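Computed from the coordinates by the stated procedures, all read-outs in this text should not be read as laboratory data. Computed from a predicted model, the values in this text were never measured in an experiment. Note: ideal-geometry Cβ built from the backbone for every residue, glycine included; neighbour counts use all protein chains shown.
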């Protein structure tokens, strides 16, 4: 769980990246527009701003958090960054679930063995009559 200081620093970093994206979009060279801009200067500047802003959010912010915590992310995707402690907790939860399921299967196995023995006893008693 990020601390209050980390949250504040990430908010500042997000604001700075937004301002940098707007600034870089404004000064981006527009002599020859690339094909992705569809010949529109405003669309080109918007694409540059989005590239810079989301690039910072997806790459720099997780790296910054990783460096402040002393651990880098193990995965970066469009859904965000995953850090190892989340993966460790998930593995521990999975192991606990597996132990619980094995215990339940053992109980069911004992109950089934008991039920089969009772059924055999009832069949034997019925056949004697």
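Which angle from 0 to 90°, rounded to the nearest 10, does the C-alpha axis of helix 41-55 make with the longest principal axis of the chain?
50 degrees
Which value in deg cm²/dmol, rounded to the nearest 500, describes the helix-derived mean residue ellipticity at 222 nm for the chain, given -39,500 (n - 2.57) per DSSP H run of n ≥ 4 and division by the residue count?
-25500 deg cm²/dmol, from helical runs alone.
When a footprinting reagent is the concern and you count Cβ atoms within 10 Å, what order do 14, 61 take, fewest first?
With the fewest neighbours first, 14, 61 line up as 14, 61.
Which whole-number percentage describes the relative contact order of the range 1-120, with Cα contacts under 8 Å and a sequence gap of 6 or more?
For the range 1-120, the relative contact order is 17 percent.
Less than 18 Å from a label point 7 Å out along the Cα-to-Cβ axis of residue 14: which backbone N atoms in the range 20-62 qualify, by residue?
20-22, 50-62, by backbone N distance to the label point.
Just one of (i) 42, 30, 25; (ii) 102, 39, 19; (iii) 48, 28, 19 is Cα extents along the principal axes in Å calculated from these coordinates, so which is it?
Computing Cα extents along the principal axes in Å and matching it to (i) 42, 30, 25; (ii) 102, 39, 19; (iii) 48, 28, 19 gives (ii).
For a quick check: sort 17, 77 by the number of other beta carbons within 10 angstrom, fewest at the front.
Taking fewest neighbouring Cβ atoms as first place, the list is 77, 17.
Suppose each label sits 7 Å from its Cα in the direction of the beta carbon; what would the residue 120-residue 91 distance come out to in nanometres?
About 4.4 nm separates the two model spin labels.
What does the extension gain come out to for residue 111 and residue 82, with contour length at 0.36 nm per residue minus their alpha carbon separation?
6.2 nm
Order of 74, 42 from fewest to most other C-beta atoms within 10 Å?
So the ranking, lowest neighbour count to highest, is 42, 74.
What three numbers, in Å, describe the spread of the alpha carbons of the range 84-129 along their principal axes, ordered from the longest?
68, 7, 5
Calculate how steeply helix 84-128 sits against the longest principal axis of the alpha-carbon atoms of the chain, using the helix alpha-carbon long axis, and give the answer as 0 to 90 degrees to the nearest 10.
Taking the Cα atoms of the chain, the angle to 84-128 is about 20 degrees.
What is the distance in Å between the Cα centres of the range 96-126 and the range 53-75?
52 Å
Helix 4-27: angle to the longest alpha-carbon principal axis of the chain, degrees 0 to 90, nearest 10?
40 degrees
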